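This report concerns only the one structure given below.
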Amino acid sequence: MNKKFKLIIFSIIVVGIIAFTGVSYVMYGGARNLSNEETAFAVTSKSIVSEFATNVDGANKKYLEKAIAIKGTITKITGNEVIIDNSIICNLKDLDASIQKDQVVTLKGRVVGFDDLMGELKLDQCFKAS
């Protein structure tokens with residue numbers, strides 16, 4: 001009985017460690033510091049949206065999860081969300097007061113997906129590129 005009890009406790013501890021590691025990886029494993037990463041592509045907002053609209057699979061292979069710089073005109077600002085040329089949604093990493101509506105700006109961020117129904121490209125961890 002004592003040996004069985006130790007085996008059960010050991011199994012519970014091992015499962016707990018594996019579960020904790022898995023949850024930690026899912027919650028924090030994808031966080032990257034894009035300010036230190038080299039930009040994979042520098043594009044205009046119109047060219048990248050056109051590329052996604054014509055060939056979603058090819059554009060996903062090229063841009064998905066990569067750090068890119070996008071140049072375009074800010075059409076809307078809502079909290080930490082900036083919309084470029086009504087088609088690119090950038091979630092800012094930190095609020096930046098220097099970003100204003102109707103300003104032509106280059107933002108750097110990570111491509112997280114394209115909504116082909118709405119024709120919108122989504123980026124996260126965005127910040128104003130210098």
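Of all the numbered requirements in (1) farther than 16 Å from Asn33 by Cα; (2) assigned to a strand (DSSP E or B); (3) free of Cβ contacts under 8 Å to residues at least 40 places away in the same chain, Ala97 misses one, and that requirement is (2).
Which of the following residues is touching a helix residue (DSSP H, G or I) at 6+ places or on another chain (Cβ under 7 Å) and either in a strand (DSSP E or B) or surrounded by fewer than 16 Cβ atoms within 10 Å (Cβ to Cβ) (or both): Ile83, Ile70, Ile89, Ile74? Steps first, answer last, please.
Details: Ile83 fails: touching a helix residue (DSSP H, G or I) at 6+ places or on another chain (Cβ under 7 Å); Ile89 fails: touching a helix residue (DSSP H, G or I) at 6+ places or on another chain (Cβ under 7 Å); Ile74 fails: touching a helix residue (DSSP H, G or I) at 6+ places or on another chain (Cβ under 7 Å).
Only one candidate qualifies: Ile70.
Checking each residue in the stretch 102-128 for being more than 18 Å from Ser50 (Cα to Cα), among the hydrophobic types (A, V, I, L, M, F, W, C) and open to solvent by 30 Å² or more (accessible area, probe 1.4 Å) picks out Val104, Phe127.
Could you tell me whether any residue of the stretch 39-62 is of a type in the set (Lys, Arg), assigned to a loop (DSSP other than H, G, I, E, B) and in contact with a strand residue (DSSP E or B) (Cβ under 9 Å, 6 or more places away or on another chain)?
In the first step, residues of the stretch 39-62 are kept if they are of a type in the set (Lys, Arg); the result is 46, 61-62.
After this cut, where a residue has to be assigned to a loop (DSSP other than H, G, I, E, B) as well, the list is none.
No; the residues of the stretch 39-62 include none that is of a type in the set (Lys, Arg), assigned to a loop (DSSP other than H, G, I, E, B) and in contact with a strand residue (DSSP E or B) (Cβ under 9 Å, 6 or more places away or on another chain).
The values are calculated or read from the model by the stated rules, or taken from the named source; none is laboratory data. Note that the structure is predicted; figures quoted are calculated from it, not measured. Heads up, the Cβs are rebuilt from the backbone with ideal geometry, glycines too, and the neighbour counts pull from every protein chain shown. In case anyone asks, the SASA skips ligands and DNA or RNA and just uses the protein heavy atoms, side chains included. Shrake-Rupley method; radii C 1.70, N 1.55, O 1.52, S 1.80 Å.
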